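The values are calculated or read from the model by the stated rules, or taken from the named source; none is laboratory data. Everything numeric here is computed off the predicted structure, so don't read it as measured data. Cβ atoms come from the backbone with ideal geometry, glycine included; neighbour counts cover every protein chain shown. These accessible areas exclude ligands, DNA and RNA; they are computed on the full protein's heavy atoms, side chains included. Shrake-Rupley method; radii C 1.70, N 1.55, O 1.52, S 1.80 Å.
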Amino acid sequence: MIYRPVPARLPVPAGLGRFSVLTTVFVCAACGLVYELELVALASYLIGDSVTQASVVLSVMVFAMGIGSLLAKRLRPRAALGFAAVEAGLALTGGLSAMALYACFAWYGQTRVPLVGFSLVIGILIGAEVPLLMTLIQRIRRQDAGGAVAELFAADYVGALVGGLAFPFLLLPMLGQLTGALLTGGVNAVAGGALVLWLFRRDLSNRSRWALVALNGLVLLLLAACSVLTGPFERAARHAVYGTDIRVAVQTPVQELVLTGGGRSGRPLSLFMDGRLRVSGGDELRYHEGLVHPAMDGPHRRVLILGGGDGLALREVLRYPGVTSVTVVELDKDVIRLARTDQDLAGLNHSSFRDPRVRVIVADAFGWLRGGHDDPDPYDVMVSDLPDPALTPSTKLYSQEFYGLAVRRLAPGGRLAIHAGPIGTRPRVFWTVDATVRSVGLDTVAYRVHGKDGDPSGGLDRTTARRSAGRGEAGDGRPKVWGFLLASREPVRLRLPADRPSLRTLTPVTLTAAGRAAGYGREPGLLPSTLMHPRYAD
């Protein structure tokens, strides 16, 4: 049986009615894309590997939209009422999705299943919009299907453009993920409800009309209540993840920074960047002594540190009196500000940024190495203190192109020290970094440094170990093991410099053993990682 829309009885001229429907299409499309981007952003932050999470969210949503379109066929005889109900459900589900996902992660350590569930539900509801809106447009004024579809999709695509631009440039920086999603849900509910209760009110019975008013009012009330509670909710969720001694929690344009412990808390100082432990006062000395001091064996007058905005690698470099200048290239200026101004963190890095030998550049390491800058002289030592290569945003900083740029800045006989990821849990990733460094003509030697014995998460507290386990990081009872590479154009010898300062965790004997232990696990035959073919996915 072919369904033929019955002409609508409108309170306004047909032209104005059609414009109102297309305006609603525009608004709803913008809201729908915000929900999609919100899920992608939150999943990338909570789980990691943004390419995988974006692929999962978008593919599930597109599949669900097809299901929603098929299901909407049953609603066409009551298209106005069905559209209002769909928009109310979409506003509630999409508006609460960010808060619900964060709650699942903070208190239950599980995000993947809820992520797929929300992607499926939101996709079904978005998919149901188009057939219902098409029916409503045809009821206002009959025209050929091609013309109606063209107008509908034009409004839909333009709305998606606005929503896609509003999310990163307006909603996220000004309101944050939670409030931004809740506000979007409110706009969605108002747009859908207003269209039906005003333009198509003659299609509704009194009972249906009051039911829609009550439904939309309840949705708006719930979204408003959650908006009021976002502050307490975020604090409670952070406490569930990081513990109760959070001293600093700030969302920078680059990442979320959380500082815990230190002071009178009795716990080691810990700095988290986007939920990942980057500094642990109980373990950082092992990491930074292992990263820096083997590279200082040889000329070390000029030193370049890529990353390292916490100032801890800088602290170790400045312990050598022969160092005359150190350049630190850090992407996030707020990390440097925290390292300078926080009393405990500045105490841990020995106020290294106050040293007159230090020059700070706020820039992306890849772009800075590639672009023109005012310091053309080569460096005797380069220290790459960057996030793990397995994280998608960091893969370009472990690519063949990146190390090719670094070699150009390396002085004859200079050394490059690289944090190459957790060799204990991701050996293939580590040895891919090694293959990539060797592909640009550098000789390498690998070595490994263990975290504290008896600390199964390598310095993570209980709640953070659960968080890391949800990401697939160390948190499964195995000790944290950092993998390092020392590279040079000349054959590399793994040893400590004769003029080294007093070290607490590293000796010539332990360094030799660290190199021998790393060499046993070498994986031959791995291909280098490039910008066009990243190879760091496990």
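Take residue 293 and tell me if it is closer than 20 Å to residue 413 by Cβ and crowded, with 22+ Cβ neighbours inside 10 Å. Here the answer is yes, as residue 293 does meet what is asked. Residues that are in a helix (DSSP H, G or I) and among the β-branched types (Val, Ile, Thr) were ranked within the stretch 330-378; the one that is most open to solvent (accessible area, probe 1.4 Å) is 341. Looking only at residues in the stretch 481-538 that are of a type in the set (Val, Ile, Thr) and either open to solvent by 80 Å² or more (accessible area, probe 1.4 Å) or within 23 Å of residue 451 (Cβ to Cβ) (or both), the one that is farthest from the chain's Cα centre (by Cα) is 509.
Screening 81, 16, 10 for residues that are in a helix (DSSP H, G or I), modelled with pLDDT under 90, over 29 Å from the mean Cα position of the chain (by Cα) and among the hydrophobic types (A, V, I, L, M, F, W, C) leaves exactly one candidate, 16. Criterion applied to 238, 201 was being more than 18 Å from residue 94 (Cβ to Cβ) and in contact with a strand residue (DSSP E or B) (Cβ under 8 Å, 6 or more places away or on another chain), and the one residue passing it is 238. Being modelled with pLDDT of 95 or more, in contact with a helix residue (DSSP H, G or I) (Cβ under 6 Å, 6 or more places away or on another chain), assigned to a helix (DSSP H, G or I) and open to solvent by 20 Å² or more (accessible area, probe 1.4 Å): is that true of residue 125 here? The answer is yes for residue 125.
Among the residues here, residue 319 qualifies as part of a loop (DSSP other than H, G, I, E, B) and under 29 Å from residue 416 (Cα atoms). The residues in the stretch 41-60 that are over 14 Å from the mean Cα position of the chain (by Cα) and either surrounded by 19 or more Cβ atoms within 10 Å (Cβ to Cβ) or under 18 Å from residue 121 (Cβ atoms) (or both) can be counted, and the count is 5.
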